[in-house]
Amino acid sequence: MNTQNILESNIDSIIQIMTPYGSGTGFIIDDLIITNSHVASGLKEVVIKSQNIPRSIAKVIYDDPYLDLAFIELNFDKPTNPLTLTCREVHDGDISVAIGHPYGLNYSITEGIISRASRLQGDLEYIQMDAAINPGNSGGPLLNSDGEVVGVNTFIIQNANNLGFSLPYFYVKDAIKEFKKLNKKNLIKCQSCKNLIEETDIKNDYCPQCGVKLEVAKLRRKGYKPTGATKIVEDILSELNENVTLCRRSQASWIVDRGSARIEISYYDNGIIIAEAKLCAIPSENIDAIYDYLLEENNKFSYLQFAINENSIYLSYIIVDSSLTLKEGKIAFQRLLKYADEYDDILINKYGAKKHKRDEDE
């Protein structure tokens, strides 16, 4: 099977995973979504998306920091061509194919070879390969030439050229077997005694079997809690009946889709908050008319303003974090959500502006 066929055959099994701390990849095996523990970020819930699954909140029901492995649960339709874990040994020189979402570039696929089928790191074996993987690939599948899963892409060596490591399939297979045998959820695997511990049995974040501190239990208990201007932004979105968890792309970035418009909200290190909708592109003709219209509308606005960057028309709200309040921010965001969709249609239908293409998988 060539690389293109591998991607096309398995694309509906590849999952994008988003948390306030970053994004990563997962993949479907049976009724579970497999990923890395560090992708789940010690959270009980993450946001996932795939070709056939809209942005959804899913539960992390198994977390093993030792193997860097996590299982995610969501009701979904079984993929047409489900992925399977291989039953064959991996050998040096085998073809390897990695699929994932590096830096948010969805469904990126790279091909290479297995540089070393068994490379010891501590007391765990890893598959070393030269198929290029980057941040965002973590938790994605490493496949062989037949499209079978041979490992979970887990880490790279920084500042090296294509030195990637994947957790071998047999660790994953054993973890799934052990997890399903217990027939329980919300399990944490102790990194010391290796026992599976029910979260409800954990007191003060210590393993009840061996007494070691379970950092992932602490993270799950605390959850993610925004502060400062970030909290105000999320409070505003909640007041506008938006599901903040689904809107959130990171700790300082959110997306809201409203009709044909997409509103992006970003909080920058310099304290500036920009909420903007990239509406459409200026046309090749009738440019004076569209400029006059935008200037006239700007004179009517409070809170919002039109701007043109290169050939794109933006409707935006800009404020410094120290000036953002729940009351004023709610008014501004509400207007932006309302008018972005309306002006998008007006500019395209009345003034001949050009509709932008948009990656629906973002």
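Each row is one residue, and each column tells you yes or no for (1) within 11 Å of the chain's Cα centre (by Cα); (2) among the basic types (Lys, Arg); (3) surrounded by fewer than 24 Cβ atoms within 10 Å (Cβ to Cβ).
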position	(1), (2), (3)
Thr25	yes, no, no
Thr35	no, no, no
His38	no, no, yes
Pro54	no, no, yes
Val60	no, no, no
Among Leu295, Leu315, Leu326, which is the only one that is surrounded by 19 or more Cβ atoms within 10 Å (Cβ to Cβ) and not basic (Lys, Arg)?
Leu315
Scan of the stretch 242-253 for residues that are surrounded by fewer than 17 Cβ atoms within 10 Å (Cβ to Cβ), in a strand (DSSP E or B) and touching an Asp or Glu at 6+ places or on another chain (Cβ under 9 Å), ordered by number:
Ser253
Restricting the search to the stretch 1-30, which residues are assigned to a loop (DSSP other than H, G, I, E, B) and either without any contact (Cβ under 8 Å) to a residue 24 or more places away in the chain or over 23 Å from Tyr171 (Cα atoms) (or both)?
Met1, Asn2, Pro20, Tyr21
Residues in the stretch 182-196: is at least one within 22 Å of Gly24 (Cβ to Cβ), in contact with a strand residue (DSSP E or B) (Cβ under 9 Å, 6 or more places away or on another chain) and crowded, with 22+ Cβ neighbours inside 10 Å?
yes
Residues of the stretch 254-285 classified as small (Gly, Ala, Ser) and surrounded by 15 or more Cβ atoms within 10 Å (Cβ to Cβ), total:
6
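Conditions tested, residue by residue: (1) outside the structural domain of Tyr62 (by TED's automatic domain parsing); (2) closer than 17 Å to Phe27 by Cβ; (3) among the aliphatic types (A, V, I, L, M).
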{"site": "Arg88", "(1), (2), (3)": "no, no, no"}
{"site": "Asp92", "(1), (2), (3)": "no, no, no"}
{"site": "Ile95", "(1), (2), (3)": "no, no, yes"}
{"site": "Gly100", "(1), (2), (3)": "no, yes, no"}
{"site": "Ser108", "(1), (2), (3)": "no, yes, no"}
{"site": "Gly112", "(1), (2), (3)": "no, no, no"}
{"site": "Arg116", "(1), (2), (3)": "no, no, no"}
{"site": "Glu148", "(1), (2), (3)": "no, yes, no"}
{"site": "Gly164", "(1), (2), (3)": "no, yes, no"}
Can you pull out the residues in the stretch 322-362 that are among the charged types (D, E, K, R) and in contact with a strand residue (DSSP E or B) (Cβ under 6 Å, 6 or more places away or on another chain)?
Asp341, Asp344, Lys354, Lys355
Ile308 passes all but one of the listed conditions (1) over 27 Å from His101 (Cβ atoms); (2) hydrophobic (A, V, I, L, M, F, W, C); (3) crowded, with 18+ Cβ neighbours inside 10 Å; the exception is number (3)
Can you tell me which residues in the stretch 256-272 are out of contact with any Ser or Thr (no Cβ under 7 Å at 6 or more places or on another chain), farther than 15 Å from Leu315 by Cβ and in a strand (DSSP E or B)?
Ile272
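Looking only at the stretch 146-180, how many residues end up being of a type outside the set (Phe, Trp, Tyr) and either touching a residue at least 60 places away in the same chain (Cβ under 8 Å) or buried (at least 18 other Cβ atoms within 10 Å of the Cβ) (or both)? Outline the logic, then answer.
Here is the first cut: in the stretch 146-180, the ones of a type outside the set (Phe, Trp, Tyr) are 146-154, 156-164, 166-168, 172-178, 180.
The next check asks that each one be either touching a residue at least 60 places away in the same chain (Cβ under 8 Å) or buried (at least 18 other Cβ atoms within 10 Å of the Cβ) (or both); those that pass are 146-154, 164, 166-168, 172-173, 175-176.
Total meeting the criteria: 17.
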Scan the stretch 70-98 for residues that are in contact with a strand residue (DSSP E or B) (Cβ under 6 Å, 6 or more places away or on another chain), polar (S, T, N, Q) and outside any strand (DSSP E or B) and jot them down.
Thr86
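The values are calculated or read from the model by the stated rules, or taken from the named source; none is laboratory data. A quick note: this is a predicted structure, and the numbers were derived from the prediction, not measured. Heads up, the Cβs are rebuilt from the backbone with ideal geometry, glycines too, and the neighbour counts pull from every protein chain shown.
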